[in-house]
């Protein structure tokens, strides 16, 4: 079973990830592919309980007028080695001013959590089988990061001067 966490606790997951859009969509809060959402915008906006997930090749420019209408945007990590999701999170927060929850989904491993947080992720749907309680410890991997990032916009040498 997958565990949803933020930086301090284990959370309930009210959002169902829908990847098969050929079948009728389930009721309740759902996450659909951003491309599917754009193709069916009127029908899905009327539901009011639909948000999107972004694949690594998502074009945020196409969604920019709708981003803050989504309470959560999930960013899919198809493989551990695919880092494009980090860029999507930073772009959502810094360039597009997204104010909702950014959730990491897919191949989300414990040793990535600290770096995902630094890029603007708020919640993390851990890869199946990972220990959520152990994962919470990884947010304090480093005590004082050197580089600037979304969560800290002043590098260490400026803070220590």
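The values are calculated or read from the model by the stated rules, or taken from the named source; none is laboratory data. Predicted, not measured: the structure shown is a model, and the values here were computed from it. Note that we place each Cβ from the backbone using ideal geometry, even for glycine, and neighbour counts take in every protein chain shown.
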- Check whether at least one residue in region 23-30 is crowded, with 17+ Cβ neighbours inside 10 Å, at pLDDT 95 or above, closer than 29 Å to residue 135 by Cβ and within 14 Å of the chain's Cα centre (by Cα), and report yes or no. no
- Message: Which of the strands (runs of 3 or more DSSP E) found entirely inside region 34-138 contain at least 1 residues meeting this: over 14 Å from the mean Cα position of the chain (by Cα) and crowded, with 19+ Cβ neighbours inside 10 Å?
- Response: 50-54
- Scan 63, 126 and give me the residue that is at pLDDT 95 or above, farther than 28 Å from residue 45 by Cβ and in contact with a strand residue (DSSP E or B) (Cβ under 9 Å, 6 or more places away or on another chain). 126
- Return the residue satisfying two criteria in turn: it lies in region 3-12 and is surrounded by 14 or more Cβ atoms within 10 Å (Cβ to Cβ) and out of contact with any helix residue (DSSP H, G or I) (no Cβ under 7 Å at 6 or more places or on another chain), and of such residues it is nearest to residue 126 (Cα to Cα). 4
- Kindly indicate which of 107, 82 is touching a strand residue (DSSP E or B) at 6+ places or on another chain (Cβ under 8 Å) and either modelled with pLDDT of 95 or more or within 22 Å of residue 32 (Cβ to Cβ) (or both). 107
- Of the residues in region 100-119, those that are in contact with a helix residue (DSSP H, G or I) (Cβ under 6 Å, 6 or more places away or on another chain) and within 18 Å of residue 51 (Cα to Cα) come to 102, 104
